1. Residue by residue through the stretch 109-127, note down the ones that are of a type in the set (Ser, Thr, Tyr) and touching a residue at least 24 places away in the same chain (Cβ under 8 Å).
2. If we scan the stretch 53-74, do we find a residue that is outside any loop (DSSP other than H, G, I, E, B), modelled with pLDDT under 80 and not small (Gly, Ala, Ser)?
3. Of the residues that make up the stretch 106-115, is at least one touching a Leu at 6+ places or on another chain (Cβ under 8 Å) and at pLDDT below 80?
4. Take Asp97 and decide whether it is in a loop (DSSP other than H, G, I, E, B), at pLDDT 85 or above and of a type in the set (D, E, K, R).
5. Name the single residue that is surrounded by the fewest Cβ atoms within 10 Å (Cβ to Cβ) among those in the stretch 87-135 being among the hydroxyl-bearing types (Ser, Thr, Tyr) and over 17 Å from Leu32 (Cα atoms).
6. Would you check if Lys50 is within 30 Å of Leu131 (Cβ to Cβ) and either surrounded by 17 or more Cβ atoms within 10 Å (Cβ to Cβ) or modelled with pLDDT of 90 or more (or both)?
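The values are calculated or read from the model by the stated rules, or taken from the named source; none is laboratory data. On a predicted model such as this, the values are computed, not experimentally measured, just so you know. A quick note on method: Cβ atoms are made from the backbone with ideal geometry, for glycine too, and the neighbour counts reach across all protein chains shown.
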Amino acid sequence: MVNPVAPIDPLMVLQKSLDALAVQHEAVANNLANIDTPNFKRSVVSFQDKLKSALEVNPPSPLWRTHPMHLPLPQTVSLNDFKPDVRTITETIGRNDGNNVDLEMESGVLAENNLLYNSLADVTGRYMALLKHSISEGRQ
């Protein structure tokens, strides 16, 4: 029995990526806002690996567990259920007051995040313009 593989919607991929980058921006902004708060622990957002695994095409013949003692199947995340992971880093202490926010690192993450977000927003705009052009059959 072969399960058909659903095509990936490029607009949904762009939306999920932009949403994850917005969450990352909020986390970095919160970290920077609390840079002088004693005992504040920074938050990090990870989503690239999880998004990549959600986009990978499933094998054409799925595995089946026929006995409860068999190894469990790897957990896959569908694109519809994709959400970024937000984690608080409690293992490190950067300063004597217990705060672990590093201004230079957070600034670098914020700059990279802004570049990625702006690039994806541009790609989304171009994709929408292409769809509009296709729907109007090239007429203005």
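1. Tyr117, Thr124, Tyr127 - these are the residues of the stretch 109-127 that are of a type in the set (Ser, Thr, Tyr) and touching a residue at least 24 places away in the same chain (Cβ under 8 Å).
2. Of the residues in the stretch 53-74, the ones outside any loop (DSSP other than H, G, I, E, B) are 53-55.
Next cut, modelled with pLDDT under 80 only: 53-55.
Now narrow it down to the ones that are not small (Gly, Ala, Ser): 55.
Checked against the condition, which is being outside any loop (DSSP other than H, G, I, E, B), modelled with pLDDT under 80 and not small (Gly, Ala, Ser), the stretch 53-74 yields at least one hit.
3. No, there is no match, as no residue in the stretch 106-115 is touching a Leu at 6+ places or on another chain (Cβ under 8 Å) and at pLDDT below 80.
4. Numbers: in a loop (DSSP other than H, G, I, E, B): yes; at pLDDT 85 or above: yes; of a type in the set (D, E, K, R): yes.
Taking the combined requirement at face value, the residue satisfies it.
5. We begin by selecting, within the stretch 87-135, every residue among the hydroxyl-bearing types (Ser, Thr, Tyr); these are 88, 90, 92, 107, 117, 119, 124, 127, 134.
Checking which are over 17 Å from Leu32 (Cα atoms) leaves us with 117, 119, 124, 127, 134.
Details: Tyr117: 17, Ser119: 12, Thr124: 17, Tyr127: 13, Ser134: 9.
The residue in question is Ser134.
6. Details: within 30 Å of Leu131 (Cβ to Cβ): yes; either surrounded by 17 or more Cβ atoms within 10 Å (Cβ to Cβ) or modelled with pLDDT of 90 or more (or both): no.
Answer is no for this residue.
A quick yes/no check of all residues on (1) among the polar types (S, T, N, Q); (2) in a helix (DSSP H, G or I):
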site: Thr92; (1), (2): yes, no
site: Gly108; (1), (2): no, yes
site: Glu112; (1), (2): no, yes
site: Asp122; (1), (2): no, yes
site: Met128; (1), (2): no, yes
site: Ser134; (1), (2): yes, yes
